[in-house]
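Structure first, then comments.
The values are calculated or read from the model by the stated rules, or taken from the named source; none is laboratory data. Not measured: the values here are computed from a predicted model. Cβ atoms come from the backbone with ideal geometry, glycine included; neighbour counts cover every protein chain shown.
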């Protein structure tokens with residue numbers, strides 16, 4: 001589907017980002033695996049290469065503009081260009097109401113989850129415009145559509161990402177660059193699997209499907225949004241949540 005093309009995936013050392021990088025590589029993309037977790041990021045890239053794919057790891061903290069600005073030149077030097085980007089890196093925070101979050105925690109979450117995506121867009125879009133276009137997917141969350149108890153800063157950041165998707169899509173709509181988002185529901189990532197069994201069962205029971213989604217569910221949504229099958233889709237955030245937002 002993507003043979004000969006190049007993508008950057010941030011937050012690709014684990015969870016949704018890792019699986020997305022592997023799915024895209026299996027479809028023919030050369031992938032820049034970008035993350036702050038060096039060992040796990042190198043392993044993701046190695047796993048892709050072991051299966052015959054093309055990948056290279058780059059240490060990137062998306063909250064640091066200088067790190068982000070190295071991504072596109074790295075993609076060009078390693079693979080010859082950049083066609084697609086998945087701005088996925090993100091963090092959560094300890095359970096707290098919005099007014100209870102201290103400055104340091106607020107700055108950390110907003111700096112990575114929201115400003116980090118902005119850093120990525122500023123690096124990726126000019127290159128894509130200069131080279132004929134491209135497609136970008138930003139990872140938001142169902143918490144960016146409906147507020148949830150205890151995730152105040154995270155929810156605000158994810159609401160912001162959805163707004164950023166719309167604005168950047170409109171800004172680039174005549175430049176052959178598409179910008180979309182994906183809003184996952186509760187996905188069985190390593191951080192969720194680390195919870196005790198009773199907690200995971202309680203979370204799953206609250207979902208209309210009675211079960212959590214898998215990272216592959218999000219990865220395949222992202223793949224479709226990047227692909228030419230979605231060539232007339234821009235500025236949209238695709239909700240992939242097993243019906244969580246219906247209740």
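Figure legend. Inter-residue proximity from the stretch 197-208: first residues on the phi < 0 side of the Ramachandran plot and surrounded by 15 or more Cβ atoms within 10 Å (Cβ to Cβ), second residues modelled with pLDDT of 75 or more and assigned to a helix (DSSP H, G or I), beta-carbon distance below 6 Å, spacing 6+ or different chains. Indicated pairs: 207/244. Checked against (1) surrounded by fewer than 24 Cβ atoms within 10 Å (Cβ to Cβ); (2) closer than 16 Å to residue 13 by Cβ, residue 146 passes all but condition (2). Scanning the stretch 116-165 for residues that are touching a strand residue (DSSP E or B) at 6+ places or on another chain (Cβ under 7 Å), modelled with pLDDT under 95 and part of a helix (DSSP H, G or I) yields 142, 143, 144, 152.
Collect the residues in the stretch 209-247 that are buried (at least 17 other Cβ atoms within 10 Å of the Cβ) and more than 18 Å from the chain's Cα centre (by Cα), keeping them in residue-number order. If the condition is that a residue be buried (at least 17 other Cβ atoms within 10 Å of the Cβ) and more than 18 Å from the chain's Cα centre (by Cα), then 212, 242, 244 are the ones that fit.
Taken over the stretch 1-18, the residue count meeting the criterion of being surrounded by 24 or more Cβ atoms within 10 Å (Cβ to Cβ) and over 15 Å from residue 222 (Cβ atoms) is 1. In the stretch 91-113, the condition of being under 23 Å from residue 227 (Cα atoms), touching a helix residue (DSSP H, G or I) at 6+ places or on another chain (Cβ under 6 Å) and touching a residue at least 40 places away in the same chain (Cβ under 8 Å) is met by no residue. The set of residues in the stretch 19-55 being without any contact (Cβ under 8 Å) to a residue 60 or more places away in the chain, surrounded by fewer than 19 Cβ atoms within 10 Å (Cβ to Cβ) and closer than 17 Å to residue 84 by Cβ consists of 26, 28, 54.
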